[in-house]
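Remarks on the structure that follows.
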Amino acid sequence: MQGVFTRVYLFLLAQAIALALTLVACASQAPRGGPRPAQFELRLAEESPGAGLMEAAVGGGDKKVYLFKEAIITNNDLVDARVVDDGAFIDQNERASSGFSIHVLFTEEGAQKMSRATGAHLGKPIAILVDGKVVSARIVRSVISDRAAISGVFTREEAERLVSRIMSR
């Protein structure tokens, strides 16, 4: 009788181990509960239409830029992104507010790409895209190399959520 119990015990133990391994395998393939990754890009742009350029609205507003097809920088070129408190400012409706920006740090290769691209694009716009939408477009005033700031009228929560999404890969 003891041999029957031993065999039943070993059979149940083997089934439990098989079930546990199946659950572990399924859990490793399940989507993570974290934020959906954001597609981050920096692209050179122009202020006027041209051959091969794509029109885009800046921040969903009326201002337009004309984007080059290729991104200079993507998520893969980022080392770090963090929220920075810009302090108080007056918005376009002359209301006092507090804003936050996002500062990004590029990889060594990303910094080299930015330096080459912005050095040849002085006085022209560079666009910051998140999930294919232009969130900001600024005129390149000097060569940008290892870091940049995404300025906008972000709340702390919006900026933190965006940083989390940009850095999740």
* To do: Name the long-range amide H neighbours of ILE150: under 5 Å, sequence gap of 5 or more, or other chain; modelled H, no Pro or chain starts.
  => ILE102, HIS103, VAL104
* Asked: Between VAL79 and GLU157, what is the label-to-label distance in nm when each label sits 7 Å out along the Cα-to-Cβ direction?
  -> 3.3
* To do: Please order VAL84, VAL65, VAL58 by the number of other Cβ within 10 Å, starting at the fewest.
  => VAL84, VAL58, VAL65
* To do: Would you calculate the separation in nanometres between label points at MET54 and SER168, each defined as 7 Å from the Cα along the Cα-to-beta-carbon direction?
  => 2.4
* Answer rounded, prolate or oblate for segment 40-167, using the Cα gyration tensor with square roots of eigenvalues a ≥ b ≥ c: rounded when a/c is under 1.5, else prolate when a/b is larger than b/c, else oblate. => oblate
* Asked: Given H placed on each backbone N at 1.01 Å, which residues far from LYS63 in sequence or on other chains put an amide H within less than 5 Å of it?
  -> VAL58
* Which order do MET167, MET54 fall in if you start with the one that has the fewest other Cβ atoms within 10 Å? -> MET54, MET167
* Residue-wise HN-Hα coupling along segment 102-118, computed from phi with Karplus coefficients 6.51, -1.76, 1.60 (Hz; x: Gly, Pro) -> 10, 9, 10, 10, 8, 5, 4, 5, x, 4, 5, 5, 5, 4, 5, 5, 6
* Table column - 3J(HN,Hα) (Hz), segment 127-139, Karplus curve with 6.51, -1.76, 1.60, x for Gly and Pro -> 10, 9, 10, 10, 6, x, 10, 6, 8, 7, 9, 10, 6
* To do: Give, as a single signed number, the net charge of other residues whose beta carbon lies under 11 Å from the beta carbon of ILE72, with Lys and Arg counted +1 and Asp and Glu -1.
  => 0
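Laboratory data are not the source of any read-out in this text; all were calculated from the coordinates shown. All values derive from a computational prediction rather than experimental measurement. Using ideal geometry, Cβ is built from the backbone for each residue, glycine included, and neighbour counts are taken over all protein chains shown.
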